[in-house]
Amino acid sequence: MSVLLPLFALFGAPLFAIIAASAMWGFHSSGIDLTVMPIEIYRLAEMPVLLAIPLFTFSGYLLGESGAPGRLMRLSRAFLGWFPGGLGVVALIACAFFTAFTGASGITIIALGAILYPALEQAGYEKNFNLGLITTSGSLGLLFAPSLPLILYGIVAQQAGGDISVNLDDLFLAGALPGILMLVLLSGYVVYKRRGKKLGGKITLGEVRSSLRESIWELPLPFVVLGGIYSGYFAVSEAAAVTACYVLLVEVFILREISLRQLPVIMRQSMVLVGGILLILGVSLASTSYMIDAEVPAKLFHYVQSHVEGRLTFLLLLNIFLLLLGALLDIFSALVLVVPLILPVALSYGIDPLHLGIIFLANMQIGYITPPVGLNLFIASYRFDVPVLTLYKSTWPFFLLLLASVLIITYVPFLSLWFR
């Protein structure tokens, strides 16, 4: 089985089937009744926070199909588009905001790419720079609430961390400064590349007023979601329900940019993503239980401890491992497969689980643009009809900046734990 399962995976067998089969074989080999599998999967139904995943995903897909991306671009451009590199900074901020709500970089590239690419080209930005900027920006925002990977990390960590509790509200706060750091570094590079160029245009009161009026319905969203959670007025799952109801009301019944006929299609598209996540998460919980019973994390800890002496060395090796993992595996699969293994090891080196989560997601974010199989590279290649090799070259400067930000996030825990 240890040979067959990897072979099945290489030949395209679904990941959830591989995880489930390995867990079932492990339980069977240990003489444990396989009824433990559905019992472990049923544990998902006992997690109230799990409701946030389908609701936030549905909200993000609704925003993507509406005119919200265009309004967000116009609003950002009205305030930031006047200085050299302003439009590039607008692109970074708009993509980060959009990815935070959709939780998927592919949607951001497809939804905003059609707006951003011609706008950047018209403003005189170089073609390769535009491709690199949009491809990289597609995964920005994964560290900002209410990003789905943040929620998923919290759920997986709570199941695998023993007595360690990972609060989602704290996790949302932990991602704020590291996410801003990434935006600032990339924005600085954009401004540097445009130094000496003419200004993007004067800021006018009329344009600001018009863009504010146009975006009046989307502007309250971050304040409703984050303000409600941090004020204690409602929980994360309740914030997700409020967000879904609000977006549905605005886009379908007030602005009427999405018809009632489109709703079933959007629902299906969003729930296909959610279904895949929940299926993998369910079988991974069973797999995690088996690994804990088999003392796999403990064995891994002893192996690592015998070869890696210091905390700093462990963090460096962890970054290298996560970068490779992010290039080969999608973020949701990586979360449910790897977090239960590395969390106990990281705890033994004195690494806070919140800090570990931000390190993990920051590396996964870079993985989207890391050759050979970074997902954003292939989505952008399809979207803009350019060779993947061209995108490798275009994203290289952005990759180096994000890598520098990951090292800063890793070795400066304050950025993730400032609120404590």
Exercise. For residues in segment 111-126 being surrounded by fewer than 21 Cβ atoms within 10 Å (Cβ to Cβ) and closer than 30 Å to residue 266 by Cα, which is modelled with the highest pLDDT?
Worked result: 118
For this session: For segment 4-59, name all the residues that are modelled with pLDDT of 80 or more, open to solvent by 70 Å² or more (accessible area, probe 1.4 Å), outside any loop (DSSP other than H, G, I, E, B) and not aliphatic (A, V, I, L, M).
Result: 25, 28, 29, 38
Exercise. Restricted to segment 384-420, and to residues that are crowded, with 18+ Cβ neighbours inside 10 Å and polar (S, T, N, Q), which residue is farthest from residue 169 (Cα to Cα)?
Worked result: 394
Exercise. Within the bounds of segment 389-403, is there any residue that is small (Gly, Ala, Ser) and over 25 Å from residue 151 (Cβ atoms)?
Worked result: yes
Exercise. Within segment 323-363, can you find the residues that are at pLDDT below 90, closer than 19 Å to residue 288 by Cβ, within 17 Å of the chain's Cα centre (by Cα) and open to solvent by less than 30 Å² (accessible area, probe 1.4 Å)?
Worked result: 325, 331, 332, 333, 334, 335, 336, 338, 339
For this session: Filter segment 272-300 for residues that are open to solvent by 50 Å² or more (accessible area, probe 1.4 Å) and under 17 Å from residue 14 (Cβ atoms) and give the result.
Result: 272, 278, 279
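Would it be correct to say that residue 244 is aliphatic (A, V, I, L, M) and touching an Asp or Glu at 6+ places or on another chain (Cβ under 6 Å)? Steps first, answer last, please.
Values: aliphatic (A, V, I, L, M): yes; touching an Asp or Glu at 6+ places or on another chain (Cβ under 6 Å): no.
So residue 244 fails the test.
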Exercise. Do we have residue 79 as open to solvent by 80 Å² or more (accessible area, probe 1.4 Å), under 24 Å from residue 93 (Cα atoms), assigned to a helix (DSSP H, G or I) and not aliphatic (A, V, I, L, M) here?
Worked result: yes
Exercise. Is there any pair with a first residue in segment 199-214 that is open to solvent by less than 90 Å² (accessible area, probe 1.4 Å) and a second that is at pLDDT 75 or above whose Cβ atoms are under 6 Å apart and which are 6 or more apart or on different chains, and what are they?
Worked result: 200/86; 200/87; 207/78; 208/78; 211/74; 211/75; 211/78; 214/71
For this session: Quick one: residue 244 ticks every box in (1) open to solvent by less than 20 Å² (accessible area, probe 1.4 Å); (2) over 23 Å from residue 216 (Cβ atoms); (3) under 24 Å from the mean Cα position of the chain (by Cα) except a single one, so which number is it?
Result: (2)
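Specify which of the listed residues (249, 221, 260) is surrounded by fewer than 16 Cβ atoms within 10 Å (Cβ to Cβ), at pLDDT 80 or above and under 27 Å from the mean Cα position of the chain (by Cα). Before the answer, list the steps.
Values: 221 fails: surrounded by fewer than 16 Cβ atoms within 10 Å (Cβ to Cβ); 260 fails: under 27 Å from the mean Cα position of the chain (by Cα).
Every option except 249 fails the conditions.
Please enumerate the residues belonging to segment 271-298 that are of a type in the set (Gly, Ala, Ser) and touching a residue at least 40 places away in the same chain (Cβ under 8 Å).
To start, the set of residues in segment 271-298 that are of a type in the set (Gly, Ala, Ser) comprises 275-276, 282, 284, 286-287, 289, 294, 298.
Selection gives 276, 282, 284, 286, 287, 289, 294, 298.
Going through 15, 7 one at a time, which residue ends up being within 26 Å of the chain's Cα centre (by Cα) and over 30 Å from residue 116 (Cβ atoms)? If you could, list the steps in order and put the result at the bottom.
Values: 7 fails: within 26 Å of the chain's Cα centre (by Cα).
Result: 15 is the single residue among 15, 7 that is within 26 Å of the chain's Cα centre (by Cα) and over 30 Å from residue 116 (Cβ atoms).
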For this session: Output the qualifying pairs, or none if there are none: Cβ atoms under 9 angstrom, residues six or more apart or on different chains, first residue in segment 336-357 and of a type in the set (Ser, Thr, Tyr), second residue in a helix (DSSP H, G or I).
Result: 348/301; 348/304; 348/305; 349/304; 349/305; 349/311; 349/314; 349/315
Exercise. Between residues in segment 16-31 that are aromatic (Phe, Trp, Tyr) and residues that are modelled with pLDDT of 85 or more, which pairs lie under 9 Å by C-beta distance while being six or more apart or on different chains?
Worked result: none
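For the structure I just gave you, tell me whether residue 73 is in contact (Cβ under 8 Å) with a residue 24 or more places away in the chain, within 30 Å of residue 101 (Cβ to Cβ), open to solvent by less than 20 Å² (accessible area, probe 1.4 Å) and not in a loop (DSSP other than H, G, I, E, B). If you could, list the steps in order and put the result at the bottom.
On the way: in contact (Cβ under 8 Å) with a residue 24 or more places away in the chain: yes; within 30 Å of residue 101 (Cβ to Cβ): yes; open to solvent by less than 20 Å² (accessible area, probe 1.4 Å): yes; not in a loop (DSSP other than H, G, I, E, B): yes.
Spelling it out, residue 73 is indeed in contact (Cβ under 8 Å) with a residue 24 or more places away in the chain, within 30 Å of residue 101 (Cβ to Cβ), open to solvent by less than 20 Å² (accessible area, probe 1.4 Å) and not in a loop (DSSP other than H, G, I, E, B).
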Exercise. Checking residue 256 against (1) on the phi > 0 side of the Ramachandran plot; (2) part of a helix (DSSP H, G or I), which single condition isn't satisfied?
Worked result: (2)
Seminar exercise, completed: When segment 364-376 is checked residue by residue, the ones that are open to solvent by less than 10 Å² (accessible area, probe 1.4 Å) and either out of contact with any helix residue (DSSP H, G or I) (no Cβ under 8 Å at 6 or more places or on another chain) or not β-branched (Val, Ile, Thr) (or both) are 364, 365, 367, 374, 376
Seminar exercise, completed: In segment 133-176, residues that are surrounded by fewer than 24 Cβ atoms within 10 Å (Cβ to Cβ), assigned to a helix (DSSP H, G or I) and more than 17 Å from the chain's Cα centre (by Cα) total 2
For this session: Can you confirm whether segment 190-207 contains a residue that is among the hydrophobic types (A, V, I, L, M, F, W, C) and modelled with pLDDT of 85 or more?
Result: yes
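The values are calculated or read from the model by the stated rules, or taken from the named source; none is laboratory data. Because the structure is predicted, anything quoted here is derived from the model rather than measured. Cβ atoms come from the backbone with ideal geometry, glycine included; neighbour counts cover every protein chain shown. Ligands, DNA and RNA are excluded from the accessible area calculation, which covers all protein heavy atoms including side chains. Shrake-Rupley method; radii C 1.70, N 1.55, O 1.52, S 1.80 Å.
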